[in-house]
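Report on the structure given below.
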RNA sequence: GGACGGGUGGCCUAGUCUGGAUAUGGCAGCAGCCUCCUAAGCUGCAGGUCGGGGGUUCGAAUCCCCUCCCGUUCGCCA
């Protein structure tokens with residue numbers, strides 16, 4: 001493959017500077033080339049001062065005088081100690097356009113590199129609809145996955161479903177014990193929205209009624225003892241919830257390749273294997289009650305408690321134990337694993353990595369963290385019902401886009417207008433999330449989230465589609 | 001208290017890893033631009049010295065040290 005115009009420009013600049021330095025008697029001086037908004041390539045001459053015993057400004061002037069524009073170099077000029085090179089734009093534009101036409105949608109993609117990357121994202125607890133507090137997760141994850149594909153990686157996206165533990169058991173109790181009349185009818189006809197009402201009611205009753213509390217505790221004990229009936233009904237509830245979440249995700253063009261269920265790692269015994277393996281480690285120990293832990297103080301974990309518990313005193317496994325089994329499984333299928341996680345998972349993620357290291361895993365997952373989106377009035381909570389659902393945000397975005405389209409393109413059919421409104425509205429939502437650094441705290445405001453002006457999804461869409469339309 | 005993030009014009013934000021020239025955009029504000037093509041747009045004006053203080057360097061938003069504010073976290077929860 002021959003060099004493109006840009007690469008040619010770069011090597012011509014490098015050669016020209018090298019030659020000019022030779023002409024002033026210093027052919028071996030090191031220099032850097034950088035992009036700037038004043039030049040296509042700039043070479044700062046400050047580093048030469050010491051050696052040449054001259055001020056950078058004069059050096060740049062001397063060097064510029066010795067370089068004549070040729071080939072792809074359209075001009076050379078000295079400015080305040082910099083040597084500024086401009087590229088000849090005509091061949092650059094011509095070549096770029098030719099390439100865009102030739103490669104079409106694939107333009108900008110890198111060749112396949114054969115590296116398998118697993119991107120785990122979303123993985124929200126199946127206890128309620130996705131709310132905007134966590135909406136960063138699927139959007140960042142999906143965008144990352146798409147970018148990695150463009151970079152030539154073989155990408156698989158994956159959702160880890162937490163169908164184990166207290167929260168889903170509470171939900172399951174609610175679904176089978178709370179009557180339909182006891183919950184407020186949800187207006188949205190989706191399983192996640194319907195089921196969350198039972199979750200809230202179950203939580204409320206559990207707090208008020210000790211019998212309910214005991215019943216749920218009993219279910220949890222049976223679950224952990226491996227009671228197939230309970231495990232099965234919890235799984236069923238979680239599956240129903242996931243169906244609703246999948247609909248939401250598909251609304252924002254997110255489709256995950258694989259759903260992995262936490263309970264599977266209990267059933268297939270791999271969580272137990274992790275336990276046995278960790279017990280043999282020199283870092284492991286047991287409390288008086290019989291719970292097992294590993295001490296991670298040698299692994300950069302600091303604080304008053306450096307112990308990471310991996311079994312309860314009754315020998316049952318914990319979330320993180322299962323997560324270890326899950327990551328071991330992932331690495332059988334991928335060369336790299338990237339986990340998109342809320343910032344509350346930072347310590348857990350670190351512990352996971354250390355434990356994997358102790359177990360002798362050659363591969364360690366990479367985490368990408370994001371901070372939760374909050375409301376002006378504070379944090380969102382599914383249990384308390386203080387939330388803005390992603391579904392509502394999507395609807396609102398699409399409806400606002402629809403208003404705009406109606407106002408300017410009344411010639412289109414209703415169906416066409418709707419189709420455009422969906423693309424524009426959803427693009428606005430995704431772009432609004434992905435445009436800011438993931439770890440930056442973000443407060444959700446309707447007018448900002450749905451602003452279609454300036455630095456927004458719709459504007460970038462137009463920039464992309466404008467030229468194509470021509 | 002420890003660990004880990006974030007702090008950039010009135011508001012939002014890029015740049016920080018890999019130190020360079022007048023610190024990137026947007027929103028809001030002001031002044032303009034459609035007898036034709038998407039004005040969800042464009043042009044111009046005004047506004048910041050990058051939380052604060054030291055240090056390294058010819059040069060610091062960027063590296064080092066100290067400090068303040070905000071967030072997350074430190075469960076035999078998930």
Read through the list (1) surrounded by 15 or more Cβ atoms within 10 Å (Cβ to Cβ); (2) in contact (Cβ under 8 Å) with a residue 40 or more places away in the chain, then give the number of the only condition that residue A:178 fails. (2)
Scan segment A:239-263 and report the pairs whose first residue is under 21 Å from residue A:132 (Cα atoms) and whose second residue is within 16 Å of RNA strand B (Cβ to nearest atom) and part of a strand (DSSP E or B), with Cβ atoms within less than 6 Å and a gap of 6+ or a chain change. A:256/A:159
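May I ask you to verify whether residue A:402 is surrounded by 17 or more Cβ atoms within 10 Å (Cβ to Cβ), more than 7 Å from RNA strand B (Cβ to nearest atom) and over 27 Å from residue A:131 (Cβ atoms)? Even if it seems obvious, please write down each step before you answer.
Details: surrounded by 17 or more Cβ atoms within 10 Å (Cβ to Cβ): yes; more than 7 Å from RNA strand B (Cβ to nearest atom): yes; over 27 Å from residue A:131 (Cβ atoms): no.
It is false that residue A:402 is surrounded by 17 or more Cβ atoms within 10 Å (Cβ to Cβ), more than 7 Å from RNA strand B (Cβ to nearest atom) and over 27 Å from residue A:131 (Cβ atoms).
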Do you know which residues across segment A:316-331 are more than 9 Å from RNA strand B (Cβ to nearest atom) and touching a residue at least 40 places away in the same chain (Cβ under 8 Å)? A:324, A:325, A:326, A:328, A:329, A:330
Go through (1) more than 16 Å from RNA strand B (Cβ to nearest atom); (2) buried (at least 17 other Cβ atoms within 10 Å of the Cβ); (3) within 27 Å of residue A:44 (Cα to Cα) for residue A:89 and report which single condition fails. (2)
Looking at A:290, A:360, which is the one that is exposed (fewer than 13 other Cβ atoms within 10 Å of the Cβ), part of a loop (DSSP other than H, G, I, E, B) and away from RNA strand B (no atom under 12 Å from the Cβ)? A:360
Name the single residue, out of those in segment A:96-138 being within 19 Å of the chain's Cα centre (by Cα) and in a helix (DSSP H, G or I), that is nearest to residue A:428 (Cα to Cα). A:136
Could you tell me whether any residue of segment A:19-34 is surrounded by 15 or more Cβ atoms within 10 Å (Cβ to Cβ), within 16 Å of RNA strand B (Cβ to nearest atom) and modelled with pLDDT of 90 or more? yes
Is there a residue in segment A:69-79 that is closer than 15 Å to residue A:9 by Cα, assigned to a loop (DSSP other than H, G, I, E, B) and out of contact with any strand residue (DSSP E or B) (no Cβ under 7 Å at 6 or more places or on another chain)? yes
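Given the criterion touching a residue at least 12 places away in the same chain (Cβ under 8 Å) and more than 16 Å from RNA strand B (Cβ to nearest atom), identify the matching residue among A:94, A:112, A:57, A:80.
Working: A:94 fails: touching a residue at least 12 places away in the same chain (Cβ under 8 Å); A:57 fails: more than 16 Å from RNA strand B (Cβ to nearest atom); A:80 fails: more than 16 Å from RNA strand B (Cβ to nearest atom).
Sole residue among the options that is touching a residue at least 12 places away in the same chain (Cβ under 8 Å) and more than 16 Å from RNA strand B (Cβ to nearest atom): A:112.
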Restricting attention to segment A:342-357, the residues that are in contact (Cβ under 8 Å) with a residue 40 or more places away in the chain and closer than 27 Å to residue A:149 by Cα number exactly 3
What do you reckon, is residue A:296 at pLDDT 95 or above, crowded, with 18+ Cβ neighbours inside 10 Å, within 31 Å of the chain's Cα centre (by Cα) and over 30 Å from residue A:239 (Cβ atoms)? no
All but one of (1) more than 13 Å from RNA strand B (Cβ to nearest atom); (2) without any contact (Cβ under 8 Å) to a residue 12 or more places away in the chain hold for residue A:390; which doesn't? (2)
For residue A:141, work out the one condition from (1) surrounded by fewer than 16 Cβ atoms within 10 Å (Cβ to Cβ); (2) modelled with pLDDT of 95 or more; (3) closer than 22 Å to residue A:431 by Cβ it doesn't fulfil. (1)
Hits in segment A:416-453 (condition: more than 9 Å from RNA strand B (Cβ to nearest atom) and either free of Cβ contacts under 8 Å to residues at least 12 places away in the same chain or part of a loop (DSSP other than H, G, I, E, B) (or both)): A:416, A:419, A:444, A:450
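The values are calculated or read from the model by the stated rules, or taken from the named source; none is laboratory data. Remember, predicted model here, so these are calculated numbers, not experimental data. For neighbour counting, all protein chains shown are included, and Cβ atoms are generated from backbone atoms with ideal geometry for every residue, glycine included.
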